[in-house]
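Q: Right, I'll just put the structure down here and ask away after.
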Amino acid sequence: MKRRALLLWAAAPAWAQDEVEVNTATRAELESLPGLGPALVQRLVAARPFKDWTDLMQRVAGVKAALARRLSAAGLRVAGRAFSAAGSEAG
């Protein structure tokens with residue numbers, strides 16, 4: 001029984017981080033994502049809502065395609081969508 005509990009605990013990080021919607025997430029949820037510190041979170045919160053990734057990148061200083069790609073891979077979503085460099089949106 002202990003071994004099963006240990007295995008479940010070890011697997012927790014793989015499923016613990018879900019998608020985080022930038023338009024509705026709390027500051028704590030946003031800061032839980034790698035690459036999002038307090039200063040960037042403040043800029044995101046102050047500028048929301050965003051209609052898409054392009055809108056976010058145009059209105060939030062410091063967010064370019066490379067960072068958007070990393071944040072999206074970490075679970076950040078804008079209007080429910082992941083970032084895609086081709087056309088700035090994922091279907």
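The values are calculated or read from the model by the stated rules, or taken from the named source; none is laboratory data. Model, not experiment: these values are computed from the prediction. Note that we place each Cβ from the backbone using ideal geometry, even for glycine, and neighbour counts take in every protein chain shown. Just the protein is used for accessible areas: all its heavy atoms, side chains included, with ligands, DNA and RNA removed. Shrake-Rupley method; radii C 1.70, N 1.55, O 1.52, S 1.80 Å.
Q: Identify, please: which residue in the stretch 21-36 is without any contact (Cβ under 8 Å) to a residue 40 or more places away in the chain, out of contact with any helix residue (DSSP H, G or I) (no Cβ under 7 Å at 6 or more places or on another chain) and not acidic (Asp, Glu) and is, among those, nearest to residue 69 (Cα to Cα)?
A: Here the answer is 32.
Q: Cβ-Cβ under 7 Å, sequence separation 6+ or interchain: first residue in the stretch 54-82 and more than 16 Å from residue 34 (Cα to Cα), partner open to solvent by 40 Å² or more (accessible area, probe 1.4 Å) and of a type in the set (Lys, Arg). Which pairs?
A: Pairs found: 57/64; 60/43; 61/43; 79/51.
Q: At least 2 residues that are modelled with pLDDT of 95 or more and surrounded by 11 or more Cβ atoms within 10 Å (Cβ to Cβ) in each: list the helices (runs of 4 or more DSSP H) lying fully within the chain that qualify. Spell out how you get there, then give the answer.
A: Numbers: elements: 2-16, 27-31, 38-47, 53-59, 65-73.
Hits in the chain: 27-31, 38-47, 53-59, 65-73.
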